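Q: Once you've had a glance at the structure underneath, I'll fire off some questions.
The values are calculated or read from the model by the stated rules, or taken from the named source; none is laboratory data. Everything numeric here is computed off the predicted structure, so don't read it as measured data. Methodologically, a virtual Cβ is constructed for each residue, glycine included, from the backbone with ideal geometry; neighbour enumeration extends over all protein chains shown.
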Amino acid sequence: MNGEHDPVTSTVPDTPGPAVGDPAGDCLSDEQLVELACGTSSLGWLDQAHAHAATCTRCAALLAEVGRMRARESPDPTTVDARPPSLSLRPLAVGDRIARFVIEDELGAGGMGVVYSAYDPILDRRLAVKLVGDHRRSEQARLLREAQAMARIEHDNVVRVFEAGEFDGKVFIAMEVMEGGDLRQWIRRGEHSWRQIVELFVQAGRGLDAAHEHGLVHRDFKPANVLLDGGRARVSDFGAVGFISGRDHRITSDAIVDEPDAGGAVTTIVGTPRYMAPEQARGDTPTAASDQYSFAVSLYEALTGQVPESSAQCGSTAVAGVPRAVFRCLARALAPDPGARHPTMAAMVVVLERALSRRARRIRASLVGGALVVGLGLGGILVPLPSSPCASPEDELSGVWDAQRRAELQSRLADGRQLGDAEWSRIARTIDDYAESWGHIRHEACLDTRVRAEVSESVLDRRMACLDERRIALEETLALLLDDRASGRELELVYELPDLSVCDDLSAVVSDVALPLTEEHREEVERAERARAQADLALIVGGVDPALESIDALLESTSWQPTQAYLLATRARLLLGQKSQQALHAWRGAYEAAVRSRDAELQLLLEMAVVDYLIGTNELDDAGFWMSVVGARARRKQGKRAVQLARMRASLARAEGHLAAARDELEAGIVLAKASDSAKVLLDVLYGDLGGVEMEQGNTEEALAATELAVAAATEAYGAGSLRALRWRTNLVSMSLSRRDSSWVERELREILATAGSLQYETGASQLLAMVLRIEGRAREAYAIDEARSDWCVSRLGPTHPQTVESLGSVARDLMLLGDTEGAEAMLERAVAAPRDVPGVSVQLLADLSYARRENGDLEGADEALSRADDIVAASPESRPRWEAALHQERGMLELARGRPRLAAEAFRRALAATVGRAPPAHVAVARLGLARALRSDGQPEQARAEAQRALAGLADADDGDSPLAREILDFLGEQ
Amino acid sequence: MSAAEDPVGTLAALDAGELWLAAGCSSGDRWATRELESTLLPAVVPALAHLRLEAAVLEDIKQITLQRLLTGSPNTSAKILEYAGRGRLRALVKVVALRLGVDIIRRRGREPTESATPDDWLVERLSTGMLSPESRAMKTEHTHAFKEAFGVAVQELSDRARGVLRLHVLHQCTIDEIGALHGVHRSTAARWIAEARDSIGNRVRRHLRSSLGLTSQGVESLLESLDSQVELSLSRLLPRGLGS
């Protein structure tokens, strides 16, 4: 072709010849295009044209333009949107959504609503969605009620309603699509036997009865409201919903819907006069009996072609072939007094069925179904919609947040969680405000584009997407609050709902959807990314403070919201890792930012971090809650994420005492980690955790092997001086305590501490060294180490950090050994006064406090401390054998000191029950020794001796036969 | 004035009018030519409205259309004679003008590179439009597999489905326009689009699964994002289009 010359003349090819490249098939000729423009082409030919257009831009464009031209000029009303121009504010377009249903087309419009064909992406089916509304709130509420009632009816003869709810201040009803036309059309085609007619009406009658059973009155039964599908009749358009919506234009042609009069009185008379029961016409509330009347009029009309004049006239009607019983049945249903009619629709149906069966042998019903498949019959006049597409702001969130949901939430929160009035009203007000501004912004957005024409459609799309996301966030949050498994923490989510103002801010909306990075933003992203890497490093090898400082500095200079969220998240993770006091606060802020930037990945990261943190602080309920959030969000993650998840699940299982499950998770994680380059850096953690789990199960060999692998993996990944490697080394030492001599242990630990340098208090080695020295009887040295560590904790972590509390406990133990029980008691009082309530730590400290008070002669105080510990254990949802064992042990000692050996023996037996098979042999032996002492005090020397010997045997079995404890038991035996 | 007395006045409705006009024009009757100009050529303007051409260019197009209708090329007779009396002269005028208009638009580079076919374009458009920013980043790892999946998915559609999708996505045709072109109800056109859309989503998922394998890192996330994004993104994408 001769495309090089301009002007226009040169663009005219002599023939409609080939365009770009060498496309398959011939280009469309003028003649073909003319046929197309005139609508005389066959579909088959068009398909060929499409095939050609796949490779020919010119013909593709021509096809499109001819289509446009034809649509513009088509005189055929069925192919053109017949709504008058006043409706240029289109209500909903293809691709819009009503709830989750994606609109594909508009099927028809009625006085107060419109029906769309739509697609349900979840159940992958096509359905009809009716959107109906009423500006009267009372009517609206009734609509919703009835729609929801319809959704509960499952009956072969009732059009299935899949779902009903509120949308945009209107009620939507998602129902099955019926493509077989309606009963009125069928009747009009004529040539049906009375039997065929009655059979279909019997079906419809059953459908009506089912509705009545559900407390629904149809109020406008007529043949046009009975849809046919493959020989089956189904009643549709129930109640107010059916009425004011109109399945299509028919409604407006013969039904009446009155409006409130000028005085505002609402006297709704709905129905179609032709079929209406007398009481309904008078304005009385229609009942099931009114439906029966309408049904009878319809059937009479179908059989005779006329409406009955009266009940009496009906009773005397005779039509050749039709049993008189049918008319007598109808006559009763047509009684002016509703009370004189058949008691129920079901009763009437039975009478009709009897009439059918009486003649069944004589006349075989012909195929009803075969004749019923007709077109959808959508032609005709479409009635203009009265409402603007920019629905009024109120009620747009109904179904999500409305009076009903509010009441539901209030009762749930008040009943389930003893939520105070003040807190409830704060939460409710927050949601109210949110919902209100959501509706306002949505309305304004619509007006901006559709009415004021100030903003383009594509921006409107983005704004709506933005609002939609926030609606979903609100929905999900509320669903979480209403969830039975809700634990209380999720209440905070109400305050963390994604920012609405973004949707109102045009530039934000645009950037949110398309994320156009400016150069400046790109730089910010890069800086943030570096800071994150630094922070991750700090978490691994230490140096958190400089990392925090650099993030804070970056936050000052960062303007782009997604980056800010990213930085906040990093900061929060650092603080969580530090178990910092501000950690949860920072976490909340970061989580809010991540939610606001709709950054699901960031949210996941934060959720994972908080699970770790909560497991660390033993807040297992909350940890379990967030773990489930993480699990749902990340269920199909691979690589590093999957490994992290496995590890977190293991940690949670371990904290909950499910050791076998924890091991399974860890082993699965190790397999995953080995298979993935990115996840290899987690191997040391998995091995290290596995070692811990094995140890807790008493498998020392396996524990040591796993921990050695952890040390090796950490050394390889992070270096021998890394905190991780040193921690695993420390673990290794602690696991070897029973098999190595103390000089090796001491040497090893001191080496670890020397390597760690400034990190020494974070390795756990100093703690362990102090413990070893304490056991060795070198309490003074232990005290020096513990006191230094405790000082470090107080200054670095603050007085209430769990680690600080624990270090105070260690100092107290040293002081006890040094004979300073009063100093120990004071130390423990400080420790238990920390507001942070970590159950495990608290139980241990209270047990120690009880011991110290007992030693100081304060038996009542000792009792009080033990009782507090008992309360904590009792409040814990799961059973904690180790805590229980410790407390029973202490209780036994206390009762012994009080001179109540029976009570003591009972306590020791409980301690024994909690330790046997679960705790190391030494713990069992301690409990047995206590029991032996109690028994001896109780005058049972033989039993006492037997227990002591069993304790000794247990220690010997564990190669612990010459430990201090064993010597103590031997001493006890010798005393006898 | 009756139709018989004023054939020109009822020209649009009558084959006889066309016949008369065509005959007059082909025989060089200047009066007939003027009638053609004043009666039929104005229809060119609304027919080309969508192309948003300047008034001067439209005038040119009208003149060239007239020229082509009346003169023909060395090998063909005048177009107008071929159509005379078949009631399609009006349509012919518009088709000839449309072709001219479309060529001008193409020449002005409002389309992608000349080497790309409409289907290449469609694939490109679908594969970028259907992804969230998050999965777009992931996409770079699998650009090839991804493009290929879309390519195959598009190719596997029936000619009609592909054509309808093209009209809708690339040319921004509404369901009314697509329905009109095919002589079907708008709801049918809408259904075709929905089906094509669903089909693409399903096929892309399937192809990606088989080409990348379930174990391949990141693919599951990609698919996951696809699963949730395809319906919405596509439905958001479709009404906008990239058109000229």
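Q: Please give the number of the condition B:GLU156 fails out of (1) touching a residue at least 40 places away in the same chain (Cβ under 8 Å); (2) facing chain A (nearest Cβ under 7 Å); (3) surrounded by fewer than 21 Cβ atoms within 10 Å (Cβ to Cβ).
A: Evaluating B:GLU156 over (1) touching a residue at least 40 places away in the same chain (Cβ under 8 Å); (2) facing chain A (nearest Cβ under 7 Å); (3) surrounded by fewer than 21 Cβ atoms within 10 Å (Cβ to Cβ) leaves (2) as the failure.
Q: Step by step: first the residues of the stretch B:187-202, then only those that are surrounded by fewer than 21 Cβ atoms within 10 Å (Cβ to Cβ) and charged (D, E, K, R), then the one that is farthest from the other protein chains (Cβ to nearest Cβ). Which residue is that?
A: B:GLU195
Q: Would you confirm whether any residue within the stretch A:177-188 is free of Cβ contacts under 8 Å to residues at least 12 places away in the same chain and in a helix (DSSP H, G or I)?
A: Scanning the stretch A:177-188, I find at least one residue that is free of Cβ contacts under 8 Å to residues at least 12 places away in the same chain and in a helix (DSSP H, G or I), so the answer is yes.
Q: Something else: Could you say which residue among A:LEU584, A:LEU620, A:LEU568, A:LEU659 is over 22 Å from A:LEU682 (Cα atoms) and at pLDDT 85 or above?
A: The match here is A:LEU568.
Q: If you scan the stretch A:795-809, which residues turn out to be over 17 Å from A:GLY577 (Cα atoms) and touching a residue at least 12 places away in the same chain (Cβ under 8 Å)?
A: Answer for the stretch A:795-809, where residues must be over 17 Å from A:GLY577 (Cα atoms) and touching a residue at least 12 places away in the same chain (Cβ under 8 Å): A:PRO799, A:VAL805, A:GLU806, A:SER807, A:LEU808, A:GLY809.
Q: With A:ALA414, A:ALA453 as the choices, which residue is surrounded by fewer than 16 Cβ atoms within 10 Å (Cβ to Cβ), modelled with pLDDT under 70 and not in a helix (DSSP H, G or I)?
A: A:ALA453
Q: Considering only residues that are modelled with pLDDT under 85 and either over 16 Å from A:GLU748 (Cβ atoms) or in a helix (DSSP H, G or I) (or both), which ones fall in the stretch A:701-726?
A: A:ALA714, A:THR715, A:GLU716, A:ALA717, A:TYR718, A:GLY719, A:SER722, A:LEU723, A:ARG724, A:ALA725
Q: If you take the residues in the stretch A:213-231 that are within 18 Å of A:LEU143 (Cα to Cα) and of a type outside the set (D, E, K, R), which one is surrounded by the fewest Cβ atoms within 10 Å (Cβ to Cβ)?
A: A:GLY215
Q: Can you tell me which residue among B:VAL184, B:VAL164 is facing chain A (nearest Cβ under 9 Å) and farther than 25 Å from B:THR117 by Cβ?
A: Within the list B:VAL184, B:VAL164, the selection yields B:VAL184.
Q: A further question on this structure: Could you check the stretch A:163-193 and list, in sequence order, the residues that are of a type in the set (A, V, I, L, M, F, W, C) and more than 41 Å from the chain's Cα centre (by Cα)?
A: Result: A:LEU183, A:TRP186, A:ILE187.
Q: Enumerate the helices (runs of 4 or more DSSP H) found wholly within the stretch A:736-833, keeping only those where 1 or more residues are among the polar types (S, T, N, Q), buried (at least 19 other Cβ atoms within 10 Å of the Cβ) and under 46 Å from the mean Cα position of the chain (by Cα).
A: It comes to A:760-763, A:765-775, A:779-797, A:802-817.
Q: What pairs come out if I take residues in the stretch A:422-441 that are within 15 Å of A:LEU478 (Cβ to Cβ) and pair them with residues that are outside any helix (DSSP H, G or I) and among the β-branched types (Val, Ile, Thr) whose C-beta lies under 8 Å away, six or more apart or interchain?
A: That search, which allows pairs on different chains as well, returns A:ALA435/A:VAL400.
Q: Within the stretch A:40-70, how many residues turn out to be farther than 14 Å from B:LYS94 by Cα and facing another protein chain (nearest Cβ under 8 Å)?
A: 16
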